[in-house]
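Notes follow the structure.
Just so it is clear, none of the values below were taken in a lab; they were calculated from the coordinates. Quantities reported herein were computed from a predicted structural model and do not represent experimental measurements.
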Ligand SMILES: C[S@@+](CC[C@H](N)C(=O)[O-])C[C@H]1O[C@@H](n2cnc3c(N)ncnc32)[C@H](O)[C@@H]1O
């Protein structure tokens, strides 16, 4: 076996082992997340967090009902266009529907609502089509969609979010972030916020040597 062939063999074997590790580790088809490892990690954390969190809120007599608010919902860079399995939309719906079913919720008296907000027109159009399609499939979860910037829509979203506990997922693109004032309307409610940011961006800007970032 020549060096080039041997090199290819090692490379291919490495890819197979990596793919098997991904399937084992995340239980997902690796193709869905190929080149999107950060999204895979984010979705894995979201999925694993939602089940115990929702069970805790729904079993507490003070709350008993939950709104999951996805302020920057997408879909975004997904490979599964049919079922959106690799998006926070698909993951939250599947996970929360399973929680409601396991708790024997009555579909005619829904205790869980998912509110998806998206600014980009083409992504919102896909979100709308998907929401319309799956309302029958996810019978235990009410689905609402909003089109616009989260900072502009947050007051309207809060008004629609009438369940007793709100879990707000803030997942903007890139490092420009979002105005924290957009969370203002939710003040005073029983709520929890998950903010997803790329740590490398934060580190890069905090550690920046730019003159205007140096202390006087
Ligand atoms: C990183 S993606 C999030 C995808 C989704 N949360 C997920 O995990 O599958 C961010 C999304 O927010 C949208 N977006 C960007 N700025 C926004 C804003 N100000 N308000 C609402 N959506 C925004 C983008 O179009 C994009 O679809």
Review point. What Rg and what Dmax come out for region 50-133 when only alpha-carbon atoms are used, in angstroms?
Key: 13.7, 41
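Determine Rg/Rh for region 148-200; Rg is computed over alpha-carbon atoms and Rh is the Kirkwood hydrodynamic estimate from the same atoms.
The Rg/Rh ratio comes out at 0.97.
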Check your understanding: Relative contact order, percent, of region 73-142 when contacts are C-alpha pairs under 8 Å separated by at least 6 residues?
Key -> 41 percent
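Average the reciprocal distances over every distinct pair of alpha-carbons in region 64-216, invert the result, and give the Kirkwood radius in Å.
Hydrodynamic radius (Kirkwood, Cα only) of region 64-216 equals 16.7 Å.
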Check your understanding: Is region 33-73 rounded, prolate or oblate when judged by the Cα gyration tensor, a ≥ b ≥ c being the square roots of its eigenvalues, rounded requiring a/c under 1.5 and prolate requiring a/b larger than b/c?
Key -> oblate
